[in-house]
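**Student:** If you scroll down you'll find the structure; I have some questions about it.
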Amino acid sequence: MLAVSSPLIGQEELDAIKPVFESGWLGLGSTTYAFEKAVSKFLGAKNVIAVNTGTSALHLALDAFGVGKGDEVIVPSLTFAATIQPIISLGATPVFCEVYEKDLLIDLNDVERRITPSTKAVIPIHYCGNPCDMDRLIKMSEKNDFKIIEDAAHAFGSTYKGRKIGSFGHATCFSFDPIKVITCGEGGAVVLKDNDIAEKIRRKRILGINKDTWHRYNNERSWFYDVTTTGYRYHMSNINAAIGLVQLSKLDQFIARRREICQQYDNAFKGLECIHPLKIDYDDVSPFMYIVRTPGKQKEFMSFLEEKGIGTGVHYIANHVHSLFKKYTTKEMPRTEKLWQEIVTIPLHCGLSNNDVKTVIKNVLTFERTVS
């Protein structure tokens, strides 16, 4: 079975872990700090705080900016549940909005319709690695006084108008889980400009402890510490950071290969009647997933490919239909209702050979001929 997503890891990552094991310092420490510095240099970012997951990154960012009970956070329904859970865990209300049909990015016209005096933040999703219209969103933020917390879990390495994602909103949250463009095994990061908020997040990621982080960055223990704020155990370990440093050095080749596969898919699927690729310009995109729309044929298409040994997925089931979240839906969402039942994810990762890509294309075209 050709996997939809898969990490590309090997001996170099194993070799990088060995010195961490030998040091005996497996948790937050000097390797984590080195990873933060490397990501900061790559992004041109002022503050990078490495954490254990992308979900933790979102939770910390929302918490540090004071999102809580009585606040509303506008977010597309078409995203992973990990984007929504931090909102409700802080006592705030997710306000689901639509996405554009052509690329599944946040519909900013719909965002404007849903802004209220209680809107504390908007979370845009850089879906499939494709950046949202950040210029327009920033203007809306300035006019309506809300925070932009970017969910860039899909978009590490993407750019918007020549600038890397991670340099726009009030905070940008990345994921480095096993199937992202680069992985730490598990991991994430919060990136932001505000030094005070950054310091708050550094403390919150390690149980609200103050004055202990710099000792840990030097692989030292300090017997004295103070707890100055609420916090969580969300820090990234030296083990995960060691994997991430190796992966970061391979990012350019990973992006290039993923773009190459996406372009082959786009060229092969152009003009088909039943299979519709998203409209994405890959020149600025670090591609995470390749998604097609299959109006009225989703289950049939997935079954056909899986019978041929090709894995598929749906990214994602709209959150407003989930049992836990549907109580927050106050307005109809006809476009998202339609889209999530059309989209299918097909294999995209650097472990795919040229023959694997040809196999996927061949079978998608066979399906098209079969049902047209």
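**Student:** Those residues that are modelled with pLDDT of 95 or more and polar (S, T, N, Q), I need them from segment 142-172; list them, please.
**Tutor:** Asn144, Ser158, Thr159, Thr172
**Student:** Starting from segment 333-346, keep only residues that are farther than 12 Å from Lys299 by Cβ, then list their pairs with residues that are of a type in the set (Asp, Glu) and open to solvent by less than 50 Å² (accessible area, probe 1.4 Å) whose Cβ atoms are within a distance under 8 Å, requiring at least 6 positions of separation or different chains.
**Tutor:** Met333/Glu98; Arg335/Glu98; Arg335/Asp107; Thr336/Glu98
**Student:** Quickly run through segment 111-169 and pick out the residues that are assigned to a loop (DSSP other than H, G, I, E, B), open to solvent by 50 Å² or more (accessible area, probe 1.4 Å) and within 21 Å of Gly66 (Cα to Cα).
**Tutor:** Here is the first cut: in segment 111-169, the residues assigned to a loop (DSSP other than H, G, I, E, B) are 115-118, 123-124, 126, 130-133, 145-146, 152-158, 161-162, 165-169.
Right, trim to open to solvent by 50 Å² or more (accessible area, probe 1.4 Å) and you get 116-117, 133, 145, 161-162.
Those that are assigned to a loop (DSSP other than H, G, I, E, B), open to solvent by 50 Å² or more (accessible area, probe 1.4 Å) and within 21 Å of Gly66 (Cα to Cα): Thr116, Pro117, Asp145.
**Student:** Can you go through Trp214, Trp223 and tell me which one is surrounded by fewer than 16 Cβ atoms within 10 Å (Cβ to Cβ) and either in a helix (DSSP H, G or I) or modelled with pLDDT of 95 or more (or both)?
**Tutor:** Numbers: Trp223 fails: either in a helix (DSSP H, G or I) or modelled with pLDDT of 95 or more (or both).
Trp214 is the lone residue from the list that is surrounded by fewer than 16 Cβ atoms within 10 Å (Cβ to Cβ) and either in a helix (DSSP H, G or I) or modelled with pLDDT of 95 or more (or both).
**Student:** For segment 266-290, how many residues are free of Cβ contacts under 8 Å to residues at least 40 places away in the same chain, of a type in the set (Gly, Ala, Ser) and on the phi < 0 side of the Ramachandran plot?
**Tutor:** Residues flagged as free of Cβ contacts under 8 Å to residues at least 40 places away in the same chain, of a type in the set (Gly, Ala, Ser) and on the phi < 0 side of the Ramachandran plot within segment 266-290 amount to 0.
**Student:** Pairs only if they're at least six apart or on different chains, beta carbon under 7 angstrom, first in segment 14-43 and under 16 Å from Gly188 (Cβ atoms) and among the aliphatic types (A, V, I, L, M), second open to solvent by 30 Å² or more (accessible area, probe 1.4 Å) and not in a helix (DSSP H, G or I); list them, first residue then second.
**Tutor:** Leu28/His235; Leu43/Lys164
**Student:** Can you list the helices (runs of 4 or more DSSP H) found entirely within segment 238-348 that contain at least 1 residues being open to solvent by less than 40 Å² (accessible area, probe 1.4 Å), among the β-branched types (Val, Ile, Thr) and under 30 Å from Ile88 (Cβ atoms)?
**Tutor:** Result: 334-339.
**Student:** Could you identify the single residue in Val95, Val48 that is closer than 18 Å to Ala153 by Cβ, in contact with a helix residue (DSSP H, G or I) (Cβ under 8 Å, 6 or more places away or on another chain) and buried (at least 20 other Cβ atoms within 10 Å of the Cβ)? Talk me through it step by step, then tell me what you get.
**Tutor:** Numbers: Val95 fails: closer than 18 Å to Ala153 by Cβ.
Of the residues listed, the single one that is closer than 18 Å to Ala153 by Cβ, in contact with a helix residue (DSSP H, G or I) (Cβ under 8 Å, 6 or more places away or on another chain) and buried (at least 20 other Cβ atoms within 10 Å of the Cβ) is Val48.
**Student:** In the list Leu43, Leu78, which residue meets the criterion of being within 27 Å of Ile239 (Cα to Cα), modelled with pLDDT of 95 or more and not small (Gly, Ala, Ser)?
**Tutor:** Being within 27 Å of Ile239 (Cα to Cα), modelled with pLDDT of 95 or more and not small (Gly, Ala, Ser) holds for just one of Leu43, Leu78, which is Leu43.
**Student:** For Val4, indicate whether it is crowded, with 16+ Cβ neighbours inside 10 Å, in contact with a helix residue (DSSP H, G or I) (Cβ under 8 Å, 6 or more places away or on another chain), touching a residue at least 24 places away in the same chain (Cβ under 8 Å) and not small (Gly, Ala, Ser).
**Tutor:** Numbers: crowded, with 16+ Cβ neighbours inside 10 Å: yes; in contact with a helix residue (DSSP H, G or I) (Cβ under 8 Å, 6 or more places away or on another chain): no; touching a residue at least 24 places away in the same chain (Cβ under 8 Å): yes; not small (Gly, Ala, Ser): yes.
In short, no.
The values are calculated or read from the model by the stated rules, or taken from the named source; none is laboratory data. All values reported here derive from a predicted model rather than from experimental measurement. All Cβ positions, glycine included, derive from the backbone under ideal geometry; neighbour counts span all protein chains shown. When the accessible area is computed, the model is the full protein with side chains, heavy atoms only, and any ligands, DNA or RNA have been set aside. Shrake-Rupley method; radii C 1.70, N 1.55, O 1.52, S 1.80 Å.
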